[in-house]
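Have a look at the structure below before the remarks.
The values are calculated or read from the model by the stated rules, or taken from the named source; none is laboratory data. What you see is a predicted model, and the numbers here were worked out from it, not measured in a lab. Ideal geometry is used to build each Cβ from the backbone, glycine not excepted, and the neighbour counts take in all protein chains shown.
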Amino acid sequence: MKLDSIKYFLDEIKNTNEDLVKHYERVAMLNFAFARELSLNAQEQSKLYFIGLLHEIGKFNNEKYEAVYPEMSAIILRTHSEFAKIANIVAQCEENIDGSGYPNHLKGEDIHIFAMITHLSNKYDHCRIDGMSHEEAVSQLKLLNDIVCPRKLVAAFTKMFFSNKELSQLYKGEN
């Protein structure tokens, strides 16, 4: 992926909302760490990192359209050939395996595993942004078993924090 294009996107957003860019960066790092935890190959680790970094790009200046921003993100990404391969996955990052997500109410295996991983990373980061401690955020994620993601994926995600002590650095100085 072209880093100049990503830098352009993030610089544009950072000029208006620096906290949003920090959120994107944390989700990207959580995705990357989880990809390593799952022993995914380097290309898949990289792909998950960039999905995390760009997962809400359509939310910028469109926050009042919560239910459509995943598709807006995908549309934006499809206009740049270097991001087209991740656009469909980004469009699924708010889908839940029980069909209660959005924008397309996809269910189960219709949702790409990388979208599920990004959804977990995003949920965890939002819990931390909302002031929850790590333990509270993990408890909240466990409540989402078989709703947002399969129970096994949630368990592996929460286990990752015990085997990867570097993740605590993402939230240093916070809860």
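Considering only region 113-128, I want to know if a residue exists there that is modelled with pLDDT of 90 or more, within 13 Å of the chain's Cα centre (by Cα) and not in a helix (DSSP H, G or I). Checked against the condition, which is being modelled with pLDDT of 90 or more, within 13 Å of the chain's Cα centre (by Cα) and not in a helix (DSSP H, G or I), region 113-128 yields no hits at all. Within region 164-173, is there a residue that is more than 18 Å from the chain's Cα centre (by Cα) and of a type in the set (Lys, Arg)? So far as region 164-173 goes, yes, one or more of its residues are more than 18 Å from the chain's Cα centre (by Cα) and of a type in the set (Lys, Arg).
Picking from residues in region 135-174 that are modelled with pLDDT of 90 or more, assigned to a helix (DSSP H, G or I) and touching a Leu at 6+ places or on another chain (Cβ under 9 Å), the one that is surrounded by the most Cβ atoms within 10 Å (Cβ to Cβ) is Phe157.
If you take the residues of region 13-53 that are among the basic types (Lys, Arg) and under 20 Å from Phe157 (Cβ atoms), which of them is nearest to the chain's Cα centre (by Cα)? Before you say what the answer is, go through the steps one by one.
First, pick out the residues of region 13-53 that are among the basic types (Lys, Arg): 14, 22, 26, 36, 47.
Those still in the list that are under 20 Å from Phe157 (Cβ atoms) too: 26, 36, 47.
Working: Arg26: 9, Arg36: 15, Lys47: 12 Å.
Among those residues, the one meeting the criterion is Arg26.
Among the residues of region 82-100, which ones are outside any loop (DSSP other than H, G, I, E, B) and either surrounded by fewer than 14 Cβ atoms within 10 Å (Cβ to Cβ) or not hydrophobic (A, V, I, L, M, F, W, C) (or both)? Of everything in region 82-100, those that are outside any loop (DSSP other than H, G, I, E, B) and either surrounded by fewer than 14 Cβ atoms within 10 Å (Cβ to Cβ) or not hydrophobic (A, V, I, L, M, F, W, C) (or both) turn out to be Glu82, Ala84, Lys85, Asn88. Residues of region 36-57 that are farther than 17 Å from Gln92 by Cβ, crowded, with 16+ Cβ neighbours inside 10 Å and of a type in the set (A, V, I, L, M, F, W, C): Leu38, Leu40. The lone criterion from (1) modelled with pLDDT under 90; (2) within 19 Å of His105 (Cα to Cα) left unmet by Ile76 is number (2). In region 8-26, of all residues being at pLDDT 75 or above and among the basic types (Lys, Arg), the one that is surrounded by the most Cβ atoms within 10 Å (Cβ to Cβ) corresponds to Arg26.
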